[in-house]
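Below is one structure, written out as structure tokens; the observations come after it.
The values are calculated or read from the model by the stated rules, or taken from the named source; none is laboratory data. Worth saying up front: this structure is predicted, and the values here are computed from it rather than measured. When we count neighbours, we look across all protein chains shown, and the Cβ atoms used for this are built from the backbone with ideal geometry, even at glycine.
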């Protein structure tokens, strides 16, 4: 299957860190035939660095290329809708990083478009493929803890703290849809539900406790409108009680504690930070 | 000040474990002049064991004794209302263990009666006097963590698990008002609010996940109607986010983790179980 990657920054980002190494390790099934960035210089550099034959300085040429079967979208959330819509309209299958759109409406419009065009469209909720999460899933299924009575999850957003690098500053503006709720908590709750079942009911409290943050490189103070506190209580489908608390930044205490209490046993999953998709 | 203790079981209970040693250690201010139990044999044994001059086999004689200024009520919750009401009606000051009544209405009626009689009436929310809690209170007040951004508390009820001794079986029946919510969580949230401020708003999810339990001594299976899962999300008065999860029984994982995240620092309080009034 021939993959075109939109957003193949040669210096940083998930294409370089995750998508490209993963696809290259699956060379029996996938071939990266094209990439695009927003500038011709970076496109050329990326094409050479990653060994990809077609390197475009715009996504239109990529989604319309006859050499591309599936388009991987690995850019910031605010661009997901336009890029995914163009790829789907061109009749291409799409793999888009989570969160799919900026808000529910964009996601629903993309889902409808994919259905209309009859193409495969996948959202990258990759935490459920992380070995640690897959192992928890299997242990639960095997009855390791007996019946699940409850689960508690405390996590640090890592970002959304007192300071963030310039490249992450856009996540502080809730309008961009790349929030602590949508990114680390979204991925992590998907992992939790994958292991323990979907949410039947919930109540939540959200707050912005740090209303500003500093740009790491310059010290400039910028406003924060993304919620940096999310506290959830609820029940899962099987009846287990659910408690979740995510806080912006890092804690000198708990950065990830996911505990599962069962009739026959308990599990604790810990990590250096709260992003389930990068659990170690 | 002359204290009469209702419920001075010579074999076990809080009078023996806590009230009597504490009062005896404050002999400049307090003198235990009377006690009562419900049977003349145990009253006599307790009077001799604890060195208390007047030992009654009923609480009426105690609350009406001219040798008693303040009545301490150290029995199960279902009896609090009758005993406290009788003591207040007799014009005596009252110190009653928390929870004050079986439900809000009983507590409000007792508060109104104390006000009408013009006597001092105190509820034993003693966790705030525990050295560890007092230390947290002082650290927060001194600005050790800066501004409090949020707090998370996970605790085990210790009781309300798969098995309980006969003496605690009454706590499994929610009608008795001696529940995980009212006892360990009530004491612990009082400690939390003492340190961090009162609750401004909250949502909660409660569940009974273990609908039965075994009597330790006999193995007999009894129904459980007290909630053994309480999950809370909310905000404190100062705006800090609040997340609380209490689970019945004990966990092989987290039995108490109280974390306070601030702008300048973080605190973690841990213990072997979730009852704040017996933190070590």
Checklist line | Top-ranked residue in segment A:219-228 [being in a strand (DSSP E or B) and touching a residue at least 12 places away in the same chain (Cβ under 8 Å); ranked as surrounded by the fewest Cβ atoms within 10 Å (Cβ to Cβ)] | finding: A:223
Next item on the list: Report yes if some residue within segment A:229-238 is in a loop (DSSP other than H, G, I, E, B), in contact with a helix residue (DSSP H, G or I) (Cβ under 8 Å, 6 or more places away or on another chain) and surrounded by fewer than 22 Cβ atoms within 10 Å (Cβ to Cβ); otherwise report no.
Entry: yes
Next item on the list: Say whether the condition of being within 22 Å of the chain's Cα centre (by Cα) and in a strand (DSSP E or B) is met by at least one residue in segment A:264-278.
Entry: yes
Check: Does residue A:177 satisfy being on the phi > 0 side of the Ramachandran plot and under 19 Å from the mean Cα position of the chain (by Cα)?
Finding: yes
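Considering B:133, B:122, B:148, which residue is touching a residue at least 40 places away in the same chain (Cβ under 8 Å) and in contact with a strand residue (DSSP E or B) (Cβ under 6 Å, 6 or more places away or on another chain)? Steps first, please.
Working: B:133 fails: in contact with a strand residue (DSSP E or B) (Cβ under 6 Å, 6 or more places away or on another chain); B:122 fails: touching a residue at least 40 places away in the same chain (Cβ under 8 Å).
Of B:133, B:122, B:148, the one residue that is touching a residue at least 40 places away in the same chain (Cβ under 8 Å) and in contact with a strand residue (DSSP E or B) (Cβ under 6 Å, 6 or more places away or on another chain) is B:148.
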Next item on the list: Could you check residue A:91 against (1) touching a helix residue (DSSP H, G or I) at 6+ places or on another chain (Cβ under 8 Å); (2) outside any helix (DSSP H, G or I); (3) assigned by TED's automatic domain parsing to the domain that holds residue A:177 and say which number it fails?
Entry: (3)
Next item on the list: Count, please, the residues in segment A:1-17 that happen to be out of contact with any strand residue (DSSP E or B) (no Cβ under 7 Å at 6 or more places or on another chain) and either closer than 17 Å to residue A:41 by Cβ or outside the structural domain of residue A:90 (by TED's automatic domain parsing) (or both).
Entry: 6
Checklist line | For residue A:83: the one exception among (1) closer than 22 Å to residue A:35 by Cβ; (2) over 18 Å from the mean Cα position of the chain (by Cα) | finding: (2)
Next item on the list: Quick one: residue A:95 ticks every box in (1) in contact with a strand residue (DSSP E or B) (Cβ under 7 Å, 6 or more places away or on another chain); (2) surrounded by fewer than 17 Cβ atoms within 10 Å (Cβ to Cβ) except a single one, so which number is it?
Entry: (2)
Checklist line | Filter result for residue A:238 (over 24 Å from residue A:99 (Cα atoms) and more than 7 Å from chain B (Cβ to nearest Cβ)) | finding: yes
Check: Somewhere in segment A:142-154, is a residue part of a helix (DSSP H, G or I) and over 26 Å from residue A:253 (Cα atoms)?
Finding: no
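Looking at residue A:70, is it within 16 Å of residue A:121 (Cβ to Cβ), in the same structural domain as residue A:115 (by TED's automatic domain parsing) and out of contact with any helix residue (DSSP H, G or I) (no Cβ under 7 Å at 6 or more places or on another chain)? Break it down into steps so the answer makes sense when it comes.
Working: within 16 Å of residue A:121 (Cβ to Cβ): yes; in the same structural domain as residue A:115 (by TED's automatic domain parsing): yes; out of contact with any helix residue (DSSP H, G or I) (no Cβ under 7 Å at 6 or more places or on another chain): yes.
Spelling it out, residue A:70 is indeed within 16 Å of residue A:121 (Cβ to Cβ), in the same structural domain as residue A:115 (by TED's automatic domain parsing) and out of contact with any helix residue (DSSP H, G or I) (no Cβ under 7 Å at 6 or more places or on another chain).
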Next item on the list: Please indicate, with yes or no, whether at least one residue in segment B:3-19 is surrounded by fewer than 19 Cβ atoms within 10 Å (Cβ to Cβ) and farther than 25 Å from residue B:277 by Cβ.
Entry: no
Notebook entry, point to check: Of these, A:206, A:250, which one is within 14 Å of chain B (Cβ to nearest Cβ), closer than 19 Å to residue A:103 by Cα, surrounded by 18 or more Cβ atoms within 10 Å (Cβ to Cβ) and modelled with pLDDT of 95 or more?
Noted result: A:206
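Please state which one of A:183, A:221 is more than 10 Å from every other protein chain (Cβ to nearest Cβ) and more than 27 Å from residue A:123 (Cβ to Cβ).
A:221
With the structure loaded, tell me whether residue B:197 is surrounded by 15 or more Cβ atoms within 10 Å (Cβ to Cβ) and under 18 Å from the mean Cα position of the chain (by Cα) or whether it fails that test.
Spelling it out, it is not the case that residue B:197 is surrounded by 15 or more Cβ atoms within 10 Å (Cβ to Cβ) and under 18 Å from the mean Cα position of the chain (by Cα).
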Note to self: Whether any residue in segment B:155-163 is under 22 Å from residue A:229 (Cα atoms) and buried (at least 17 other Cβ atoms within 10 Å of the Cβ) is what I want to check.
What the structure shows: yes
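Restricting attention to helices (runs of 4 or more DSSP H) lying wholly within segment A:1-74, give those where 3 or more residues are without any contact (Cβ under 8 Å) to a residue 60 or more places away in the chain and over 22 Å from residue A:110 (Cβ atoms). Even if it seems obvious, please write down each step before you answer.
On the way: elements: A:20-25, A:40-50, A:59-63.
Ranges flagged: A:20-25, A:40-50.
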